[in-house]
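Take a look at the structure set out below.
Every read-out reported here was derived from the displayed coordinates using simple, explicitly stated rules and does not represent laboratory data. Note that this is a predicted model, so its numbers are computed, not measured. We place every Cβ from the backbone using ideal geometry, glycine too, and count neighbours over all the protein chains shown.
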Ligand code: PLP
């Protein structure tokens, strides 16, 4: 019998992937399932990006690259950060990795000693706590309630910081809440981080998906001090519909970036070469498709939001970004006879044939996450099914 390492014995598999697997199983049996679990845009990668990748292969650019990414890709990222955030970085302050997920994993590996604390606001993206634990760190949670628009306050942050705190994670726009911190809110949080001298991990992967008159501010833009203590995490997955290409990056302190690059040199060698050429085009080429996709998500949100709001027992805050709705469905679950929202989600899958993600995986067990990164037709049908399911059992 193989005895696994202790570090993986408490690892919980991603809930997002688990429900998708179950939905796929039912689909394979011929059940007409509508999946609202997707964490990725439903569009193909823009044509100019695919072309650039193809061209690079034909030109023989199919070998290893530097561990932290091609100089030309680092340059493209530096230009993007200058163009969009007004931030100046040098190549030794950029590390390209295999998606933002693996970049974050690498970051926690080089940052944390056993017992070091990382503050994680609830609701959180599923991988943060597991990645911190895999680096022998300790996740410290702050509950950002619906009443506070799912955003932490400076006071909460201050109270959560101890001698062992290394960093706080800010994910704006947020998965799963879709909330965005305003410049003023970020200023207050940055001030606490300066006072207490902790790092800021700013996950900006949904930066390009924002709606209405909301603007996205990176906390690193606020001051020299904020920039110096922030590690920006971003990538092409959500902005350019490139989830499968696996390209993400970190921008921040050169010593940290060097350590991450050295670790990558022994763990991955380099991000896939072809994907790096694709990402160069993603950042340097036309951004028209990025805006087209954003508009499509916004118009889906407009259509779907009132319908979700109208489901009995659902309370939902209008998101400002990303492509998720996070309704609190505790009342609906109770009134339809389920003892937990997790069970309600099972019922939705097996009886209404709609797959959604239970909020328990995000630390918010009274909620469910609905992704609107799917066609309007499927979305409308799915929400109708959920509505009927709830009213028929109420
Ligand atoms: N950060 C957040 C908040 C996400 O939702 C995701 C993907 O779902 C990632 C990071 C990772 O993105 P990728 O590894 O595809 O770049």
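Between rounded, prolate and oblate, where does the chain land on the alpha carbon gyration tensor, with a ≥ b ≥ c its root eigenvalues, rounded for a/c under 1.5, else prolate if a/b exceeds b/c? Cα axes put the chain in the prolate bin.
Taking a ≥ b ≥ c as the square roots of the eigenvalues of the Cα gyration tensor, an a/c ratio of 1.5 or more together with a/b larger than b/c marks the stretch 225-321 as prolate. Remark: the residue 182-residue 262 segment gains 25.3 nm on full extension, using 0.36 nm per residue and subtracting the alpha carbon distance. Is the C-alpha gyration tensor of the stretch 8-159 telling us rounded, prolate or oblate? Criteria: a/c under 1.5 is rounded; beyond that, a/b larger than b/c is prolate, otherwise oblate. Judged from the Cα gyration tensor, the stretch 8-159 comes out oblate (a/c at least 1.5, b/c at or above a/b).
Projected label points at residue 375 and residue 213, each 7 Å from Cα along the beta carbon direction, are separated by 3.6 nanometres.
Compute the helix-to-body angle for 99-111: its Cα long axis versus the longest principal axis of the chain, expressed 0 to 90° and rounded to tens. So the inclination is approximately 60 degrees.
Calculate how steeply helix 376-393 sits against the longest principal axis of the alpha-carbon atoms of the chain, using the helix alpha-carbon long axis, and give the answer as 0 to 90 degrees to the nearest 10. Once rounded, the angle reads 40 degrees. Between 300, 55, 318, the GNM of the chain built on Cα springs shorter than 10 angstrom shows 55 fluctuating the most.
Measure nothing fancy, just the Cα-based angle from helix 15-28's long axis to the longest principal axis of the chain, in degrees from 0 to 90, nearest 10. Helix 15-28 sits at roughly 60 degrees to that axis. The alpha carbon centroids of the stretch 32-109 and the stretch 251-308 are separated by 5 Å.
Taking every DSSP bridge with both residues inside the chain, close to 45 percent are antiparallel.
Result for the chain in a Gaussian network model with C-alpha springs under 10 Å: among 215, 126, 236, the largest mean-square fluctuation is at 215. Net length available on complete extension from residue 155 to residue 388 is 79.6 nm, with 0.36 nm assigned per residue and the Cα-Cα distance removed.
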